[in-house]
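Accompanying notes for the structure given below.
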Amino acid sequence: MKYSIDHKSPIPLHAQAETILRKIIEDEEYQNGKVLPNEVDLAKKLAISRTTLRQAINKLVFEGLLVRKKRTGTKVAQAAVSSKSNNWLSFSQEMKLRGIPIKNFELHVTWVYPDEALANFFEIKTDRKILKMERVRGKPEEPFVYFASYFHPRVGLTGEEDFKTPLYEMLENEHSIVATLSKEEISAKAADAFIAGKLKVAVGSPVLFRKRFVFDQGERPIEYNLGYYKADSFVYSVESSR
C-alpha cells in the first residue's frame, strides 16, 4: 500500500484516512472480497492512532460501503443495484415540478441524542443533542411518505423555523447553509407497525426506503434523512445522459 498521511496538512487526519480508505476499496482485489488490512497494522502504516482510523472506518460502515464482522475483519460491502441522478431537490421542490399538490399531515420537531452511528456520521459525540424533524406528507387525500431528518448542530437550527417551506431554501436564506452534495441509497422494505401507522397501510406492506446524506460546499455533513414511501404512490425516476 503506497498511501500516506500528510501530518502537516490542515486537513484533519481522520478525513485524510477516509479519503485513503475510499481509494483502497476501489481496488479490484478488495472489490472481490479481500479483507482490508487490520486496524492495528493500517494505523501503524499511516502513523495515526487506531481511534482516528476507526472514526474513518465507522463513517464508511455507516454509509454502507464497508462491512465489519468479528473474527473475519472488514470487507467492502457487496454493492446493491443502484442508480444515480445528477440533480436533486427538496421534496417540496420535487413535487412542485411534478405539479403535485402536497399536504402536511404531521410535523414534529424534537431534540434528541444521536446514536453511535449518527454521531459518527456527523463527527460529534453522542452526548450532544441534535435536532430531529419528522414529517408525514402526501396528496390532499392521503399520506404517502414519512420523513425523519437529523441535522448537524453546526447548521444552527433552533426548532422555531418554518419547516413548511422548502427545506434547503430555508437553510440557505436563514442560516447561510448551502446544500451542494447529496448521496442516496434506495431499497425496498416491509412496513413495520410504526411506518404502517404513519402511512395508513397494513403492516408488511411494501415501501420504498430512501436514505439521503446531505453535505455543504466543504463536503461537511449537514443532514441525514430517512424517507419511507408507499410503494404504490411514488416512483423514483432517474435520468442519465451520455
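The values are calculated or read from the model by the stated rules, or taken from the named source; none is laboratory data. No experiment lies behind these values; they were computed from the predicted model shown. Backbone-built Cβ (ideal geometry, glycine too); neighbour counts: all protein chains shown.
Listed by first and then second residue, the pairs with beta-carbon distance under 7 Å, at least 6 apart or on different chains, first residue in the range 104-116 and assigned by TED's automatic domain parsing to the domain that holds Leu157, second of a type in the set (Val, Ile, Thr) and not in a loop (DSSP other than H, G, I, E, B), are Phe105/Val136; Glu106/Val136; Val112/Ile130; Pro114/Ile130. In the set (1) within 13 Å of the chain's Cα centre (by Cα); (2) within 18 Å of Phe122 (Cα to Cα), Ile186 fails one condition alone, (2). If we keep just the residues of the range 69-78 that are over 18 Å from Asp27 (Cα atoms) and not polar (S, T, N, Q), which is nearest to the chain's Cα centre (by Cα)? Among those that are over 18 Å from Asp27 (Cα atoms) and not polar (S, T, N, Q), it is Lys69. Taking the criterion of being basic (Lys, Arg), exposed (fewer than 15 other Cβ atoms within 10 Å of the Cβ) and at pLDDT below 80, would at least one residue in the range 48-62 satisfy it? No, the range 48-62 contains no residue that is basic (Lys, Arg), exposed (fewer than 15 other Cβ atoms within 10 Å of the Cβ) and at pLDDT below 80.
Which residue pairs have Cβ atoms under 7 Å apart, sit 6 or more places apart or on different chains, and have a first residue in the range 189-200 that is in contact (Cβ under 8 Å) with a residue 40 or more places away in the chain and β-branched (Val, Ile, Thr) and a second that is surrounded by 14 or more Cβ atoms within 10 Å (Cβ to Cβ) and assigned to a strand (DSSP E or B)? Here the result reads Ile195/Tyr146; Ile195/Val207; Ile195/Tyr228, each pair linking the range 189-200 to a residue that is surrounded by 14 or more Cβ atoms within 10 Å (Cβ to Cβ) and assigned to a strand (DSSP E or B). Name the single residue, out of those in the range 43-53 being in a helix (DSSP H, G or I) and in contact (Cβ under 8 Å) with a residue 24 or more places away in the chain, that is farthest from Lys23 (Cα to Cα). Filtering first and then ranking leaves Thr52. Taken together, the residues in the range 162-197 that are at pLDDT 95 or above and either in a loop (DSSP other than H, G, I, E, B) or hydroxyl-bearing (Ser, Thr, Tyr) (or both) amount to 2. Just one of (1) part of a strand (DSSP E or B); (2) at pLDDT 95 or above; (3) surrounded by 13 or more Cβ atoms within 10 Å (Cβ to Cβ); (4) of a type outside the set (Asp, Glu) fails for Val145. It is (2).
Taking Phe213 as the residue in question, decide whether it is surrounded by 13 or more Cβ atoms within 10 Å (Cβ to Cβ), at pLDDT 90 or above, touching a Leu at 6+ places or on another chain (Cβ under 8 Å) and not basic (Lys, Arg).
Details: surrounded by 13 or more Cβ atoms within 10 Å (Cβ to Cβ): yes; at pLDDT 90 or above: yes; touching a Leu at 6+ places or on another chain (Cβ under 8 Å): no; not basic (Lys, Arg): yes.
Against the criterion (surrounded by 13 or more Cβ atoms within 10 Å (Cβ to Cβ), at pLDDT 90 or above, touching a Leu at 6+ places or on another chain (Cβ under 8 Å) and not basic (Lys, Arg)), Phe213 does not qualify.
Of the residues making up the range 1-18, just one is more than 20 Å from Asn38 (Cβ to Cβ) and under 20 Å from the mean Cα position of the chain (by Cα), namely Ala15. Selection of the range 119-142 for residues being farther than 21 Å from Phe62 by Cα and modelled with pLDDT under 95 yields Arg137, Gly138, Lys139, Pro140, Glu141, Glu142.
Selection over the range 54-76 of residues that are touching a residue at least 12 places away in the same chain (Cβ under 8 Å), at positive phi and not in a strand (DSSP E or B) gives a count of 1.
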